[in-house]
Each structure stands twice: as C-alpha cells, then as structure tokens.
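K.L.:
Please read through the structure below; I'll follow up with questions.
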Amino acid sequence: MASNLRRLFGVTLGGLVLALMMACSPLKMLNALTPDGTFDKTEGIAYGDDPRQKLDVYVPRHPAANAPVVVFFYGGSWNSGSRSDYGFVGEALASRGIVAVLADYRLYPQVRYPLFLEDNAKAVAWTHEHIRQFSGNPQRLYLMGHSSGAYNAAMLALDPGLLGAVGLSPHDLSGWIGLAGPYDFLPIENPDVRPVFFWPNSPPQSQPINHVSHGAPPALLIASRDDNLVNPTRNTAGLAKKLREAGVPVRDFYFSRTGHATLVATLSRPMRGLAPVLDEVAAFVKDPPTQ
C-alpha cells in the first residue's frame, strides 16, 4: 500500500510539474526543484581555450573510494544548450554515488561536424586525466547523453578515431548510455540540423550506426515509444540490433509515459515517477552487461 501511494504521489507530482513547465522554462523549473545537499560542485573548469570548452564536476557528498564517473553531453540539435541547464542531471547521478561531469562544447554556427565531437573527446580526456582529484575512478568511466548529446556519446564510443586523437580509446570506456539518441538519420529531415552536417552532402561516416564493430563498449539505450522527434524504432532499436549482431553487450528500454524531452527530465526528482530511467542508468553503471 505504501509503495502504491508513493507511486501515485510521484505520478501526481510529475503531472503538476509538467503543467508548470508549460508556463515557464522547463529546465529552469527542474533545476529550481533540485536539492543541493547530495553533491559538491566545482564549476567552470576549462578543458580547452575556447569559452565554450568548460565543464562542471558534481561529486557525491559522501563519495565512495574510486567512484564511477559519467561524462554527460546535453542535447539541443547541436545548435543550443548549456551545462548550467542540466544541474538536475548532475544531482541525479551524484545521488546514486556517481561522479558526474557536465561539459559544454562548441555549437553551430561556430562549428560543424565533426568539431563539436573533438570538443567532447577533449572533455573526456580531461576527465580521464584529472577525475581522481574528485574521488572518481578513470577505470570506471562512462559516457552519457540525451538527444544530440546521445549521438555525441555514441560517436565517441563507436568511432575509435575520435578518442584516439586525444590519446584514448573506446576500450578506456566501461560503457555508454544514450537517451533518445539519433544514431541513423540520413537523409536529414530537420532543417535546423542540415547545415551542421553539410546537407545535402552529409557524410555517411557521421552516423554512429556505421561505426558499430565487435569490441565496442557496452551500451544502455533508452527511448520513448511516443518520441515524435527522433524515431525510436529506426534509431534506438536499430542501433541495439546492430550492436547485438556485432556481439556488443547492450540493454535497451522503451517507456510509454515519456516523450523526447521528458525522457531526460525523468532524471529530476519531481519527474522520476514517469519512468525508471535513473534506476536503469545506476544499475548499468554498477553492473554493465557482458557477453
């Protein structure tokens, strides 16, 4: 009975927050409702010379020795977004004993593919080199992203050249997590995304699904069944199928009460009743699948 009441309260609160989000900035609302007692935050660390090449580190308030580390990349069609908008993600991961790194990166029109991926790789290299100073274990390093950020995580995990350029390899990753990611989207339909990938001459090597190979790190792929922006059947299910065919360990989940944007919002405390995304992420980081 108590668990049912908690579930009902979570759903009701989630519905109330959804209504409030319609009237103001959704991400600001989620951050305003995010507690700060679960983590210590170091912000504005430069991993490069450009003003956009900065990151924040969220450390659990009482971290375990050699805590796992997740580098998170936000979405925004590669033309918008800020790490400051996703404090609720840092809190969510820290609340589960995970050191979280939230990185900004250059966006269109300042850069196009693949330069933003080079920024992402530099952020991962900084994390690998320095995260022990924040109680994190670089040998338990994961990438995670939502929407276009999930694409970024996928490319770093699947295309060895990107991490290779900064002295790392996909083998240095314990796994990667994609939320509502576009992994197979040529020809590009979204007019905002077309110039990022040089449409109509978008290179096939820009697609994560074309980089799948045996030996890639384990993956956790999560999508919303009713996602009307990134087709979950073509992208999430399609990539999961190809990974399995290559012998890569993968878990994939599809939730019904979320959409493209609310999938990442379920990491926030007010929205967690909509889907167990945080539970699946924490379980994956604790015990990633093996062949």
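K.L.:
Would you check if Asp119 is in a helix (DSSP H, G or I) and among the acidic types (Asp, Glu)? Spell out how you get there, then give the answer.
P.N.:
On the way: in a helix (DSSP H, G or I): yes; among the acidic types (Asp, Glu): yes.
It is true that Asp119 is in a helix (DSSP H, G or I) and among the acidic types (Asp, Glu).
K.L.:
Can you confirm whether Val111 is β-branched (Val, Ile, Thr) and over 18 Å from the mean Cα position of the chain (by Cα)?
P.N.:
Values: β-branched (Val, Ile, Thr): yes; over 18 Å from the mean Cα position of the chain (by Cα): yes.
When the stated conditions are applied, Val111 passes them.
K.L.:
Out of all the residues in region 149-162, is one or more assigned to a loop (DSSP other than H, G, I, E, B) and more than 19 Å from the chain's Cα centre (by Cα)? Walk me through it before giving the result.
P.N.:
Start the filter on region 149-162 by keeping residues that are assigned to a loop (DSSP other than H, G, I, E, B), which leaves 159.
Restricting the remaining residues to those that are more than 19 Å from the chain's Cα centre (by Cα) gives none.
No: zero hits.
Yes/no matrix, rows are residues, columns are (1) free of Cβ contacts under 8 Å to residues at least 24 places away in the same chain; (2) in contact with a Lys or Arg (Cβ under 9 Å, 6 or more places away or on another chain):
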{"residue": "Pro191", "(1), (2)": "yes, no"}
{"residue": "Phe197", "(1), (2)": "no, yes"}
{"residue": "Ser213", "(1), (2)": "no, no"}
{"residue": "Pro217", "(1), (2)": "no, no"}
{"residue": "Asn231", "(1), (2)": "yes, no"}
{"residue": "Val248", "(1), (2)": "no, yes"}
{"residue": "Thr258", "(1), (2)": "no, yes"}
{"residue": "Thr262", "(1), (2)": "no, no"}
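K.L.:
Filter region 239-288 down to the residues that are of a type in the set (A, V, I, L, M), under 14 Å from Val89 (Cβ atoms) and touching a helix residue (DSSP H, G or I) at 6+ places or on another chain (Cβ under 6 Å) and list them by number.
P.N.:
Looking only at region 239-288, we keep the residues that are of a type in the set (A, V, I, L, M), and these are 239-240, 243, 246, 248, 250, 261, 263-265, 267, 271, 274-275, 277-278, 281-283, 285.
In the following step, the residues that additionally are under 14 Å from Val89 (Cβ atoms) were identified as 261, 263-265, 267, 271, 277-278, 281-282, 285.
Scanning region 239-288 gives Ala265, Leu267, Met271, Leu278.
K.L.:
Give the residue that is surrounded by the most Cβ atoms within 10 Å (Cβ to Cβ), with candidates limited to residues of region 165-174 that are of a type in the set (Gly, Ala, Ser) and in contact (Cβ under 8 Å) with a residue 24 or more places away in the chain. First the steps, then the outcome.
P.N.:
Keep residues of region 165-174 that are of a type in the set (Gly, Ala, Ser), which gives 165, 167, 169, 174.
After this cut, where a residue has to be in contact (Cβ under 8 Å) with a residue 24 or more places away in the chain as well, the list is 165, 167, 174.
On the way: Ala165: 14, Gly167: 11, Ser174: 20.
Within region 165-174, the match that is surrounded by the most Cβ atoms within 10 Å (Cβ to Cβ) is Ser174.
K.L.:
Run down Leu141, Leu102 and say which single residue is over 30 Å from Met29 (Cβ atoms) and not in a helix (DSSP H, G or I).
P.N.:
Values: Leu102 fails: over 30 Å from Met29 (Cβ atoms).
Step by step, each of Leu141, Leu102 is checked, and only Leu141 is over 30 Å from Met29 (Cβ atoms) and not in a helix (DSSP H, G or I).
K.L.:
Further, regarding this structure: State whether the residues of region 128-138 include one that is in contact with a helix residue (DSSP H, G or I) (Cβ under 9 Å, 6 or more places away or on another chain), without any contact (Cβ under 8 Å) to a residue 60 or more places away in the chain and surrounded by 17 or more Cβ atoms within 10 Å (Cβ to Cβ).
P.N.:
yes
Results for (1) more than 18 Å from the chain's Cα centre (by Cα); (2) farther than 17 Å from Gly149 by Cα, shown as yes or no for each residue.
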| residue | (1), (2) |
| --- | --- |
| Asn235 | no, no |
| Arg244 | yes, yes |
| Gly247 | yes, yes |
| Ser256 | yes, yes |
| Gly259 | no, no |
| Thr262 | no, no |
| Thr266 | no, no |
| Arg269 | no, yes |
| Arg272 | no, yes |
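K.L.:
Another question about this same structure. What residue, among those in region 48-73 that are farther than 25 Å from Pro218 by Cβ and in a loop (DSSP other than H, G, I, E, B), is modelled with the lowest pLDDT?
P.N.:
Restricting attention to region 48-73, the residues satisfying the condition of being farther than 25 Å from Pro218 by Cβ are 48-54, 56, 61-62.
Still in the list and also in a loop (DSSP other than H, G, I, E, B): 48-53, 61-62.
On the way: Gly48: 98, Asp49: 98, Asp50: 98, Pro51: 98, Arg52: 98, Gln53: 98, Arg61: 94, His62: 89.
Filtering region 48-73 for residues that are farther than 25 Å from Pro218 by Cβ and in a loop (DSSP other than H, G, I, E, B), the one modelled with the lowest pLDDT comes out as His62.
The values are calculated or read from the model by the stated rules, or taken from the named source; none is laboratory data. Everything numeric here is computed off the predicted structure, so don't read it as measured data. Positions of Cβ are backbone-derived with ideal geometry, glycine not excepted, and every protein chain shown enters the neighbour counts.
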